[in-house]
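Student: My questions all concern the structure below.
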Amino acid sequence: MKESSKTWILFSLLLIVIAAGARLIPHPYNFSPVGGMILFSGAVFGAFRFGWVLPLMAMILSDLILGIHSEMPWVYGALAANFLLARQMLPRERRWTPVRLGSTSLMASTLFFVISNFGVWFQGSLYPKTFAGWVECYVAAIPFFGGTVVGDLLYTALFFGLALLWRRQVVAKESA
């Protein structure tokens, strides 16, 4: 393995660990680096058999500090779906265009909203298990969706932008 490949993997792992740690810093509701972290991990480590392990472990460790709740399987399921989305939409660096990153981030935010809030309705006790209760659950979650979208877009741009800058620096050094 080339030295630049080793440092690329270490750099990518560091971004994921920083993102998971940033969950512990106070932030507005649903405005966190998790969405960007999952997309980045899926794009960079999606081809590896255990590409999902590091973000999963990072989430578990931070959730042990933040608190465990009954809807966590739905949250983790939504994150797994977004990991797979990134594997399909962002498999190669040349596909990391602003339009593709932005649209993938918006799809991921929406997928997370749909899956995690279904879990709140299905497993929780806040809403009746009726069609009206289901609609009420999603309507009540709309104010949180904005934070998810903005956070996912911002952190996706940040992680992928830093990665592209880093790669350009390495390529420039290797060709010099």
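No lab work stands behind these numbers, since they all come straight from the coordinates. The structure displayed is predicted, hence computed values, not measured ones. Here the Cβ positions follow ideal geometry from the backbone for every residue, glycine too, while neighbour counts run over all protein chains shown.
Student: Of 66, 54, 164, which is the most mobile in a GNM of the chain whose springs link Cα atoms less than 10 angstrom apart?
Tutor: 66
Student: Quote the charge dipole size of the range 3-175 about the Cα centre in Debye, to the nearest 20; the model charges only the Cβ of Lys and Arg (+1) and of Asp and Glu (-1).
Tutor: That gives the range 3-175 a dipole magnitude of about 580 debye.
Student: Next question. Taking 0.36 nm per residue of sequence separation and subtracting the Cα-Cα distance, how much length would be gained by fully extending the chain between residue 84 and residue 157, in nm to one decimal?
Tutor: 24.4 nm
Student: For the range 105-176 and the range 46-62, write down the distance between their C-alpha centroids in whole Å.
Tutor: 17
Student: Could you give P(r) for the range 88-176, binned at 5 Å from zero, as whole percent values over all Cα-Cα pairs?
Tutor: That works out to 2, 13, 18, 16, 12, 11, 9, 7, 5, 3, 2, 1, 1, 0, in percent per bin.
Student: Which residues make up the longest stretch of the chain that has no trypsin sites (Lys or Arg not before Pro) in a DSSP loop with at most 16 other Cβ atoms within 10 Å?
Tutor: It works out to 130-176.
Student: Taking the Cβ of each residue in 68, 16, 115 as the centre, tally the other Cβ atoms inside 10 Å and list the residues starting with the fewest.
Tutor: Ascending Cβ contact count within 10 Å gives the list 68, 115, 16.
Student: I'd like the projected area of the range 19-76, averaged over all directions, using the convex hull of its alpha carbons. Report it in nm² with one decimal.
Tutor: Its average projected convex-hull area is 4.1 nm².
Student: With r defined as the distance between the Cβ atoms of residue 63 and residue 173 and R0 fixed at 35 Å, what FRET efficiency is calculated, to the nearest 0.05? Don't skip to the answer; put the middle values down first.
Tutor: On the way: r = 39 Å, r/R0 = 1.10.
E between residue 63 and residue 173, to the nearest 0.05, is 0.35.
Student: GNM on the chain, C-alpha springs below 10 Å: top fluctuator among 126, 56, 85?
Tutor: Looking only at 126, 56, 85, the biggest GNM fluctuation is shown by 126.
Student: Moving on. What is the projected area of the convex hull of the Cα atoms of the chain, averaged over all directions, in nm²?
Tutor: Average of the hull's projected areas for the chain equals 10.7 nm².
Student: When the Cα centres of the range 63-94 and the range 4-40 are compared, how far apart do they sit, in Å?
Tutor: One Cα centre to the other: 12 Å.
Student: In nanometres, what is the gap between the two model label sites at residue 6 and residue 50, each 7 Å from Cα along Cα-to-Cβ?
Tutor: The two pseudo-label positions are separated by 1.9 nm.
Student: Tell me which DSSP H helices of the chain clear both cut-offs, 30 Å or more of axial length from alpha-carbon atoms and a mean Kyte-Doolittle hydropathy of at least 0.0.
Tutor: Details: long enough: 98-123 (37 Å, 0.92); 131-175 (62 Å, 0.95).
Qualifying helices, which must be both long enough and hydrophobic enough, are 98-123, 131-175.
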